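Encoded as structure tokens, the structure appears first; notes follow it.
The values are calculated or read from the model by the stated rules, or taken from the named source; none is laboratory data. Keep in mind that this is a model prediction, so the values were computed, not measured. Counting neighbours? That spans all protein chains shown, and the Cβs are built from the backbone with ideal geometry, glycine included.
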Amino acid sequence: MSDIIDTQTSDERAEGLKAWGWVSYVLHLIVAVGAVIPGAQPGAALLIVALVIDLVKKGDAEDSWQASHFSWRIRTVLWAGVLYVLTAPLWLLFFLPGWIAWCLISIWFLYRIVRGMVSMNQSQAIDA
């Protein structure tokens with residue numbers, strides 16, 4: 001009887017984590033698409049909400065295939081942020097190089113989110 005309860009609890013936990021993962025991926029996707037399409041900036045608030053979800057739920061996902069997805073999204077946001085900050089001076093010096101750099105970063109961000117979503121849909125860990 002205890003095994004059945006443990007299995008149900010484990011399954012419920014996994015489904016709950018997957019639901020939170022999808023919420024986070026969708027928020028990231030909205031931000032990523034907005035970053036690629038000129039004039040469609042949905043705002044940093046969605047990204048911050050998604051990042052908070054990932055940071056809070058990451059511990060709950062330890063020792064599961066979903067842990068890699070939480071880390072993947074956190075690393076994606078952090079790297080994108082660092083890259084945007086590092087390339088910000090290009091906007092001040094020359095418009096075109098700054099625009100190109102930010103477009104490339106935005107496309108990379110979108111790629112990582114879509115790649116993660118595909119793995120999540122297949123219930124597979126994402127390889128770093």
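The single condition from (1) surrounded by 11 or more Cβ atoms within 10 Å (Cβ to Cβ); (2) in a helix (DSSP H, G or I); (3) modelled with pLDDT under 90 that residue 42 fails is (2). Checked against the criterion of being touching a Cys at 6+ places or on another chain (Cβ under 9 Å) and either surrounded by 12 or more Cβ atoms within 10 Å (Cβ to Cβ) or acidic (Asp, Glu) (or both), the candidates 49, 23, 36 yield just one match: 36. Picking from 63, 54, which residue would you name as being charged (D, E, K, R) and free of Cβ contacts under 8 Å to residues at least 12 places away in the same chain? On inspection, the qualifying residue turns out to be 63.
Evaluate the stretch 74-81: report whether one residue or more is touching a helix residue (DSSP H, G or I) at 6+ places or on another chain (Cβ under 9 Å), of a type outside the set (S, T, N, Q), surrounded by fewer than 17 Cβ atoms within 10 Å (Cβ to Cβ) and at positive phi. For the stretch 74-81, residues touching a helix residue (DSSP H, G or I) at 6+ places or on another chain (Cβ under 9 Å), of a type outside the set (S, T, N, Q), surrounded by fewer than 17 Cβ atoms within 10 Å (Cβ to Cβ) and at positive phi: absent.
When the stretch 1-29 is examined, which residues are found to be of a type in the set (A, V, I, L, M, F, W, C), at pLDDT below 90 and in a helix (DSSP H, G or I)?
Keep residues of the stretch 1-29 that are of a type in the set (A, V, I, L, M, F, W, C), which gives 1, 4-5, 14, 17, 19-20, 22-23, 26-27, 29.
If we keep only those that are at pLDDT below 90 too, we end up with 1, 4-5, 14.
Listed by number, the residues that qualify are 4, 5, 14.
Starting from residues that are in a loop (DSSP other than H, G, I, E, B) and modelled with pLDDT of 90 or more, keep the ones in the stretch 86-128 and report whichever is surrounded by the most Cβ atoms within 10 Å (Cβ to Cβ). Quick ask: steps written out before the conclusion?
First, the residues of the stretch 86-128 that are in a loop (DSSP other than H, G, I, E, B): 94, 122-128.
With modelled with pLDDT of 90 or more added as a condition, the list becomes 122-126.
Values: 122: 8, 123: 10, 124: 13, 125: 16, 126: 20.
Of everything passing the filter in the stretch 86-128, 126 is surrounded by the most Cβ atoms within 10 Å (Cβ to Cβ).
Scanning the stretch 18-72 for residues that are at positive phi and of a type in the set (Asp, Glu) yields a single hit, 63.
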